[in-house]
Structure formats: C-alpha cells, structure tokens
Ligand SMILES: C[S@@+](CC[C@H](N)C(=O)[O-])C[C@H]1O[C@@H](n2cnc3c(N)ncnc32)[C@H](O)[C@@H]1O
C-alpha cells in the first residue's frame, strides 16, 4: 500500500520545481512555473477574486504606479479598469509572461496605457522614489527574503507613497467534506514551496514583514473566500479552477520527493474535488495590506 506521511517526509529536502533562478534574494525556484495551464489558472484566479481583492484599490489619474511580478497580466487588467487614468508600469522577470500580459491587457482593456518592463525585483531599473504607489500580488510568497524584497520596493516609492500587497495563506484552507488525504496534499504543496525558498503561509506574516522593511502605518485585512453552493461562481472560479489546480500541479514533485504515494495523492485530490460540488464547501483567506513609505526617508 502507498504510504502518505506528510508530517515526516522521506527525503529531508524536496527538490524545487521548475524555474529560472533570479538574482539577489529571489527564491531559487518558482514553484508554479510558467505553463499555459498556470497562465489560465492565474487568469481564473484574478477574475474570480477581483471584487474581493481589488476592492478599495484605486489610484488617482496621473499617479505613477508600479505593479511588480505582473505575471500574465491577470491582475493588471483589473488595475487598469479600476484606475484608468493612472500611469501603470508592469514588471516581471519572465519575458514570456510579459508577452502574455501585454496580449491579455490589449484584449481585455483595449487602449489601457501600460508600460511593460522585464526586470527582477532585486535589480529594478527605476530611480529612487520614482513611484507614487506599488502593487504586488502573490509574489512575496516566492521570495526567500521577502523583507529584502519589500525594502527594494520601498526604495522606488516616493516618501509618503503607498504599497499594496496581497498574499494567500494555505493554513487558512478548510473544507467540507473534510479529508485527511486532501489536507496532506495541500501540505505537500506548502512543503515543496518552502523547499523552493518560498512560503505558502506568508499571508499571516504581512504585518511584521512590512514593519521589518521600514514601512509605516501598515494595515492588514483578511479577504475571505467562502465557496459553497450558494456561491457557485466561487465554487468553480476559486475552488475548482484556482485552488485545486495549484495543489494538483505539484503531483510529480510530491511523488518524486517521497512526500506522497500515488494512490493516496490521487485520492486526496479526488476528495479535494468533492469540496467544489454539491454540498461541498471551501474556506480560504487572502491577506491584503496597505502601508506607506515614511515621509522623508528612502530605503536604498
Ligand atoms: C504567482 S505569479 C503572480 C502573478 C500576478 N501578480 C497575479 O497575481 O496573477 C508570481 C509572478 O512573480 C514573478 N516573480 C517572482 N519573483 C520575481 C522577481 N524576483 N522579480 C520579478 N518578478 C518575479 C514571477 O515571474 C511570476 O510571474
């Protein structure tokens, strides 16, 4: 029988997944990779959660906004729709993702003014204090040193400028029907992300991370997803098309690292899928923080 012992991996350090290492303190691996399937997942995620995650985020016309780690532009579309007059610069280290982002914005928000730049967060081609606002979503969780990353972002913010950061936290996932194997599969993803230098439980740490990077007035609020049959769009858009694919995508790595046996893994995923149909229900909390660069200071 296949064994599945998530609390005691058979190999001490799972092998990081796909990815090109970035310079500086970027994590050595990027767990989600850059596949077509991942691009679709990012789009589904952003669209399903747009009202929840973008609520309250509007930038004044003429303000200069940096989106760092824009990926395939899934959030960029919502940023430009909500702040049509802002001057947005969208950055990612992946040229392929940037090309997809450019195409997505051209299709979904034609006429939107976005400047696209390929760069690494730890080596930004911008002047000190160049931006009024910075927006970062689902990126810190992939950095081995998120405080250093936040310090870099503070460096390109003008004194008094704002940073908005959104991150998830897999520890907030609970569901019906409950399943030990489904929980163990989620735990595998968390372990593999940690082995790749990231942290799938980062959401709960936003406040100390922002304080540690020298931001002031940080305010963190939970953005909770509750998906049951009364919210069918979240059952499909979030549980089925966003969360479960994230976990499913690490099957090969989890098996190779000895974190799971194939039969138990497949059953865990099957049981996770039951939370997205019928009387199933799924809970997950994202964390959104807004903080400011103290007036009269710079970070670099
Ligand atoms: C999970 S995706 C999120 C994309 C987008 N923010 C969204 O919410 O759909 C993380 C993105 O961050 C980018 N990224 C990770 N580390 C980076 C770094 N050090 N510099 C620039 N981009 C980075 C990756 O290339 C990837 O596109």
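Here are a few things to note about the model shown:
- In region 168-227, Rg over Rh equals 1.06, where Rg is the alpha-carbon radius of gyration and Rh the Kirkwood radius from pairwise Cα distances.
- Reported value for region 34-119: 77 Å³ per residue, from the convex hull of its C-alpha atoms.
- Shape category assigned to region 177-300 from the gyration tensor of Cα positions, a/c cut at 1.5: oblate
- The Rg/Rh ratio for region 118-196, using Cα coordinates for both the radius of gyration and the Kirkwood hydrodynamic radius, is 1.13.
- Rounded to 10°, Cα long-axis angle of helix 262-273 versus longest principal axis of the chain: 60
- At 0.692 mPa s and 37 °C, Stokes diffusion of region 214-262 via Kirkwood alpha-carbon radius, µm² per second: 238
- Principal-axis tilt of helix 36-54 within the chain, Cα atoms, nearest 10 degrees: 70
- From the alpha carbon centroid of region 186-207 to that of region 121-176 is 16 Å.
- The C-alpha atoms of the chain define a longest principal axis, and helix 95-108 lies at about 80 degrees to it.
- The chain - convex hull of the alpha-carbon atoms, volume per residue in Å³: 118
Each reported figure results from applying straightforward, stated rules to the coordinates on display, with no laboratory input. Small disclaimer: the values here were computed from a predicted structure and weren't measured.
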